[in-house]
Amino acid sequence: MANESFDAVVVGAGVNGAASAYHLVKKGLSNVLVVDKGVLAGGPTGASSAVVRQHYGHEVTARMAMDSLKFFQNFEELTGGHADFKTCGVVVVGSEDKLETVRQVVEMQQRIGINTGMVDREEILELEPDMFMEDIGGGAWEPGAGYADPVATTSGLMASALAGGAQAWYDTAITELLIERGAVAGVATTRGSILTDKLVIAAGPWTPALACSIGVDVPIRASRHPVLVFQHPSRRRPQHIIFDLNQIMYSRPEGADMTLVGTLDIAHSQDDADPDNFERQPSLDEIAEWGQMLMTRFPEYADVETRAGWCGIYEYSPDWHHVIDELPTARGCWIVCGTSGHGFKLGPAVGDIVSDLALGREPRYAVEDFSLARFSSGEPIANRYAETIIG
Ligand SMILES: Cc1cc2nc3c(=O)[nH]c(=O)nc-3n(C[C@H](O)[C@H](O)[C@H](O)COP(=O)(O)OP(=O)(O)OC[C@H]3O[C@@H](n4cnc5c(N)ncnc54)[C@H](O)[C@@H]3O)c2cc1C
């Protein structure tokens, strides 16, 4: 198997690796190989809450989210697979002092063509009649938002790439990046060496170690992120995705009678988790805290029962936005990481960007915003929602 040659190699079969392979093949490159040390969507992708919203304060990210949402809405036609995408809309709510930021974000979103608007307390109650409103001044409503199945999505993207001629090697780890005269020449794997001059590393929290092996410091940290699923015996539950700025939490419908709950609070992401060795079960304290957040916003649903819970890894950059860049020590080697809580929904746009970069084309987004150098030059992306991972 040694010294096989491919036009492009993608490291990682998460949503970003699969989307990169999908777009590379769609743009005419059939001899593409995806390599994963585990299985498809076996990393953070498989643990994702898979919320797809466009409510971002950073304009380039909002544009990427808008295009990615269209991709999810047309997933079957574009890939032949299914993402199980369900449209339910997102309501962003917060106290009066938080609404100026929401207003600014909504204005920017509307300017670039996103269907969204501000909503007052009465309109919020029309959307969510059981919401506790005493601390809520208003919010925003984005009807097109929804959620998908992260494994089905990744599988659909990958299946399309494979149908177009790509290959996927699972249970195969990249052990070394092979560099010659400052350019990528291939990779060493547990199945032998592979030659290529186009390498996309979408290895999630494992990306910094690969970059470090060729002398590049990628300032990404990892944190453990619990998600809880609560069942409503009465079958009454929030009908939409909720972004609660006061409690810094989110929820979304799950199945027919459940609600999935997670946190948006940066303070919950300071644990420097080991992505190969972390506690995958939520603790009893986390179950109680997440359940309390849901019941604080929806006291009518105090009868909820815990149905499921798991933890996944967020890998995040200092400004909680993506890093998409060519490694300075290896021409032709592109990394995608720092995807934190945004990486699922942005996958289709990221694959489009990375495939353009790898093919020497100009991406349709201002990707310089996602450069690695922004951290050393002191020009990180400004976070409109301080203390949150909303972005
Ligand atoms: C609990 C949770 C909830 C989330 N909720 C949302 C959400 O609601 N909406 C949203 O947009 N995003 C969400 N995210 C974020 C999103 O899921 C991730 O940003 C995204 O899935 C990352 O995908 P990826 O393809 O970049 O990387 P990953 O999923 O991390 O995949 C990387 C792959 O690379 C492989 N790999 C690593 N090193 C090597 C190597 N040396 N050789 C070969 N293979 C290697 C791994 O095995 C892995 O399969 C959530 C994440 C978590 C954990």
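Report, to the nearest 10°, how far helix 59-73 tilts away from the longest principal axis of the Cα atoms in the chain, using its own Cα long axis and a range of 0 to 90°.
Here the helix axis deviates by roughly 90 degrees.
Please report, in debye to the nearest 20, how large the charge dipole of the chain is about its Cα centre when each Lys and Arg carries +1 at its beta carbon and each Asp and Glu carries -1 there.
Taking the Cα centre of the chain as origin, the dipole is about 1120 debye.
Three principal axis extents, largest first, for the C-alpha atoms of the range 91-161, in Å?
48, 31, 18
With a/c under 1.5 counting as rounded, go ahead and sort the range 150-232 into rounded, prolate or oblate using the C-alpha gyration tensor (a ≥ b ≥ c being the square roots of the eigenvalues; past the cut-off, prolate if a/b is larger than b/c, else oblate).
oblate
Report, to the nearest whole %, how much of the accessible area of the chain belongs to carbon and sulfur atoms, 1.4 Å probe, protein only.
Details: 7250 of 15110 Å².
Ligands and nucleic acids excluded, carbon and sulfur reach 48 percent.
Amide H to amide H under 5 Å from residue 139: which residues, 5+ apart in sequence or cross-chain, H placed 1.01 Å off N in plane?
Placed amide hydrogens put 119 under 5 Å from residue 139.
Cα atoms only: what Rg and Dmax, in Å, come out for the range 288-352?
18.5, 57
Normalized C-alpha radius of gyration of the range 1-122, against 2.2 N^0.38 Å?
Details: Rg = 18.7 Å, N = 122, 2.2 N^0.38 = 13.7 Å.
It is 1.37.
222 nm [θ] for the chain, helices only, -39500 (n - 2.57) per DSSP H run of 4+, per residue, to 500?
Calculated from helices alone, the mean residue ellipticity at 222 nm is -8000 deg cm²/dmol.
To the nearest 20 Debye, how big is the dipole of the range 315-391 about its Cα centre, given +1 on the beta carbon of each Lys and Arg and -1 on that of each Asp and Glu? The partial results should precede the final answer.
Numbers: 6 positive and 11 negative charges, 26 e Å.
Computed charge dipole of the range 315-391: roughly 120 debye.
Give me the accessible area per residue for the chain, probe 1.4 Å, as a whole number in Å². Present the calculation step by step, with values, prior to reporting the outcome.
Working: 15110 Å² over 391 residues.
Per-residue value: 39 Å².
Relative to the longest principal axis of the chain, what angle (0 to 90°, nearest 10) does the C-alpha long axis of helix 284-297 take?
Result, in degrees: 50.
Given the peptides 349-359, 208-218, arrange them by the average over their residues of other C-beta atoms within 10 Å, most packed first.
The peptides rank, most packed first, as 349-359, 208-218.
Let me make sure I get this right: for the range 329-391, a, b and c are the square roots of the gyration tensor eigenvalues over alpha carbons, sorted descending. Under 1.5 in a/c it's rounded, otherwise prolate if a/b > b/c, else oblate. Which is it?
Verdict is oblate for the range 329-391.
Where the centroid of each part is defined by its Cα atoms, how far is the range 266-303 from the range 351-383 in Å?
Value for the Cα centre distance between the two parts: 33 Å.
Please report, in whole Å, how far the alpha carbons of the chain spread along each principal axis, starting with the longest.
Computed over the chain, the largest-to-smallest principal extents equal 64, 40, 40 Å.
Can you pick out the pairs among 198/345; 86/345; 37/198; 37/86; 27/198; 27/70 whose Cα atoms lie more than 23 Å from each other?
Numbers: 198/345 25 Å; 86/345 13 Å; 37/198 19 Å; 37/86 31 Å; 27/198 14 Å; 27/70 19 Å.
Too far apart for the 23 Å limit: 198/345; 37/86.
Write out the GluC sites (Glu not before Pro) in the range 110-191 meeting two conditions: DSSP loop, and at most 15 other Cβ atoms within 10 Å of their Cβ.
134
Of 296, 283, 346, which is farthest along the charge dipole of the range 281-391 in the positive direction, counting Lys and Arg as +1 and Asp and Glu as -1 at C-beta?
After comparing all options, I get 346.
Taking only the alpha-carbon atoms of the range 69-222, what semi-axes of the equivalent ellipsoid follow from 5 times the gyration tensor eigenvalues under a square root, in whole Å, largest first?
Semi-axes from the Cα gyration tensor: 43, 22, 14 Å.
For residue 57, which sequence-distant residues (separation of 5 or more, or a different chain) have an amide H within less than 5 Å of its own amide H, given hydrogens modelled in the peptide plane?
384
Can you find, among 238, 9, 262, the residue farthest towards the positive end of the dipole of the chain? Put +1 on the C-beta of Lys and Arg, -1 on that of Asp and Glu.
Looking along the dipole axis, the top candidate is 9.
For helix 15-26, report the angle its Cα long axis makes with the longest principal axis of the Cα atoms of the chain; keep it between 0 and 90° and round to the nearest 10°.
The angle comes out near 60 degrees.
What do you reckon, how do 345, 37 stack up by accessible area (1.4 Å probe), largest on top? Intermediate results must be reported in sequence, preceding the final value.
Numbers: 345 5, 37 105 Å².
Highest to lowest solvent-accessible surface, that is 37, 345.
The values are calculated or read from the model by the stated rules, or taken from the named source; none is laboratory data. Keep in mind it's a predicted model, so treat the numbers as computed, not measured. Because the Cβ atoms are built from the backbone with ideal geometry, glycine has one as well, and the counts that use them run over all protein chains shown. We work out accessible area using only protein heavy atoms, side chains counted, and drop any ligands, DNA or RNA first. Shrake-Rupley method; radii C 1.70, N 1.55, O 1.52, S 1.80 Å.
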